[in-house]
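Engineer: Quick one: this structure, given as structure tokens, is what I'll be asking you about.
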Amino acid sequence: MSSNYYGMLFRMKFIRRWALMRNLSTETLSDHTLETAFIAHSLATIAKVRFSEEVNPERVALAALFHDTAEVITGDLPTPVKYYNDDIKFAYKDIEQKAENTLISMLPEDLRGEFEPIYRSDRVTAAYVKAADKISALIKCKEELSLGNKEFKAAEKSTEKSIKAMNLPATKVFIEEFLPAFSQGLDESMKLK
């Protein structure tokens, strides 16, 4: 029996993000997903090690890898549109759920039960994935601004505000300890302490 599941997931590389904004550096859904998974794992590890939170970094990273896979069906709906009002927000959540169910249905039946929990994260896992998603967006905004693209100024401010509102101590640690390196060149990054 043939399955289209991974063929669909590998189409993530064709989905461009930030479609309503002028981009100096393109970002695909694949790029974003990998970066979000790295950040999510880091946030959960910080929360577990430094704040003694009951969180599983591996589960959080796995959920982050799959967090936007529905977009191979729906496309990337820009945040200002997605959250324009409650009607659109709830309608899009329903569309996303249906797209995830469609993807899961593409798997061989005996594997579906192993994948469903990845798409249905617990509250703690979902919070860290969402925070990582926002930090990934913040990094994109800062990169565009560093290239002189002022179009990302408002997005940077609203993203910073969203991250702060999450009130997750691990996000503050990540931003203070890891975010500065994103403005460094390769030579600076390679210097050992």
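Engineer: Would you mind computing, in nm to one decimal, how far apart the modelled labels at K164 and L111 are, each placed 7 Å from Cα along Cα→Cβ?
Structural biologist: 4.5 nm
Engineer: Counting Lys and Arg as +1 and Asp and Glu as -1, each charge on the Cβ, what is the dipole of the range 94-193 about the Cα centre in debye, to the nearest 20?
Structural biologist: Dipole of the range 94-193, to the nearest 20 debye: 580 debye.
Engineer: Would you compute, from DSSP H runs of 4+ residues alone, the mean residue ellipticity of the chain at 222 nm, taking -39500 (n - 2.57) per run and dividing by the full residue count, rounded to the nearest 500?
Structural biologist: My calculation for the chain gives -20500 deg cm²/dmol from helical runs alone.
Engineer: Can I ask one more? Which value, in debye to the nearest 20, gives the size of the charge dipole of the range 67-142 about its Cα centre, when Lys and Arg are +1 and Asp and Glu are -1 at the Cβ?
Structural biologist: Dipole size: approximately 480 debye.
Engineer: Which residue, A47, I15, V72, has the largest displacement toward the positive end of the dipole of the range 1-114 when charges sit on each Cβ (Lys, Arg +1; Asp, Glu -1)?
Structural biologist: I15
Engineer: Compute the FRET efficiency between I73 and D122 as 1/(1 + (r/R0)^6), taking r as their Cβ-Cβ distance and R0 = 30 Å, and round to the nearest 0.05.
Structural biologist: Computed FRET efficiency for I73 and D122 comes out at 0.80.
Engineer: While we're looking at this one, here's another question. Limiting things to C-alpha atoms, what are the Rg and the maximum Cα-Cα separation (Dmax) for the range 55-158, in angstroms?
Structural biologist: Rg then Dmax for the range 55-158, in Å: 15.8, 51.
Engineer: Alpha carbons only, please: Rg and Dmax for the chain, in angstrom.
Structural biologist: Answer for the chain, Rg first and Dmax second: 17.4, 54 Å.
Bear in mind these aren't lab numbers, they're just calculated from the coordinates by the rules spelled out. From a predicted model like this one, the values you see are computed outputs, not experimental measurements. Here the Cβ is made from the backbone with ideal geometry for all residues, glycine too, and neighbour counts use every protein chain on show.
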